[in-house]
1. Å³ per residue of the Cα convex hull, for the chain?
2. If the cut-off is 26 Å between C-alpha atoms, which lysines fall inside it for residue 94, apart from same-chain ones fewer than 8 positions away?
3. Based on DSSP, what percent of beta bridges with both residues in the chain are antiparallel, to the nearest 5?
4. How large is the direction-averaged shadow of the alpha-carbon convex hull of region 1-95, in nm²?
5. How do the peptides 363-372, 54-63 rank, highest first, by the average count of neighbouring beta carbon atoms within 10 Å per residue?
6. Expressed as an acute angle from 0 to 90° and rounded to the nearest 10, what is the orientation of the C-alpha long axis of helix 64-73 relative to the principal long axis of the chain?
7. Any idea what angle helix 159-168 forms with the longest principal axis of the chain, computed on alpha-carbon atoms, 0 to 90 degrees, nearest 10?
8. How many angstrom separate the Cα center of region 40-67 from the Cα center of region 200-217?
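The values are calculated or read from the model by the stated rules, or taken from the named source; none is laboratory data. Quick caveat: nothing in here was measured; it's all calculated off a predicted structure. Cβ atoms come from the backbone with ideal geometry, glycine included; neighbour counts cover every protein chain shown. Just the protein is used for accessible areas: all its heavy atoms, side chains included, with ligands, DNA and RNA removed. Shrake-Rupley method; radii C 1.70, N 1.55, O 1.52, S 1.80 Å.
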Amino acid sequence: AAQAEIERARAKARGDSVFLFFDGDLFTGTAFSTLFQGAPEFDVLSRLKLTAMTLGNHEWDFGQGVLMSRARHAKFPTVLANVTHPDPEHVFFKPWIELRAGRLRVGVTGVTTADTPVTTAPGMTEGYTFLDPVQAVGEVLKEHAKRWDFIVVLSHCGFEVDRRIADRFPQIGLIVGGHDHKVLEQPFVQNGVPIVQAGDRGRFLGEVRAELAKGERPSVTGRLIPITSATPEDAAVRDLLAPYQEKETASMSEVVGALPVELDGDRVRLRSQECALGDLLADAMRAETKADIGLVNGGTIRAGLPAGPVTGKDLVACLPYFDSVCTILLSGAQVQALLDRCAAMPVEDAPGGFLQVSGLSVRYEGGRALDVRVGGAALDPSRDYLVACSRFLLGGGDGLAEFKAGRDVRDWGVGLQELLRREISKPDLKIPVPGSRIVRTEGAPLKKAA
């Protein structure tokens, strides 16, 4: 906050017009955000006089009611062109806004990832239609681009989609990207269009300088400003957040268990290989329900757990979605299809749908799941297996459609956080040693499929 104010003041002193944009995923990822459902974050951006934001997929994590309330009370607009709803009361965003930089007109539109409905818990986006972001940008530009001197696209769609947008629409002046957390030290230029990203979790403030002259191609430069412990503190923001922090400390500082070793929460490993934390959670889900198989998607786990005392805050940071344990009957063929999906997932830019497993072993090679065994026996395609999973997965979350075709669904009424809390509070807790459940051999895919 303080760094943004410093850079804004410097730019205004030069006589520049200054805009401050946010590119989505304001909600979730930390215990603080989950506890207050994004209220402090919106308060801070309002305090900073944000020019506009677009939505990330995680803005839907607490449901559309929370999102609509936050956006409508914010002191800045939400810009989103590729999402529609038939009821005007549910449309709390604008497809575009127009700003002024001196005598020049600046058009701003926003798009978010089209797969939000499958990466968010079932029901959270009900009634909303997520359209192709490239086409949505095209519709906005077709109607308005001729009167705009500079066009900004706020895109929470990932770098490859941003490149596609740039290839289709070279008249765009700047794409502010997000979603895949890339750190671009300098603007990446695609088809003459600069694309910028600033990582994730507020590690950097991105600064872009565009020099505009009517009728000429803009000159665009940019840099990332690291946000560190040496960055000045904004006293007003500190005071704004203090009541929230006091409530957080009071409610989440209780020690709920202890671990003999740290459980790694590395995003890439959880989404591409077997991990001890994934094993522990999947084991707990299977034991609670007496299921044959336990499955949990790596994207559910958002942080690791420390060695030694573990607090409620640590648990919420690890599992921020307040999901519950369920069981479902899946055929062996459906289990095989799920594992084949995991085998075909890339290691680089790995998706959240990669499954951590319990009760089975599998070898991934060349995009296929081989040598699948359940309880030591070969997987039987015609047999039904009782599978423990999260409610998120029951709706086909993260594109794992086989869960939607299962039978005899039961919600056990136990949250994943509570289940993990019980597990780490056991005096005889044994941490699984990963390496035998999921084995990768040569031929693993490296890049995300187009």
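1. 152
2. 49, 75, 142, 146
3. 70
4. In nm², the orientation-averaged hull projection of region 1-95 is 6.7.
5. Order by mean packing, descending: 54-63, 363-372.
6. The two axes meet at around 20 degrees.
7. It is inclined by approximately 40 degrees.
8. Going from one Cα centre to the other spans 22 Å.
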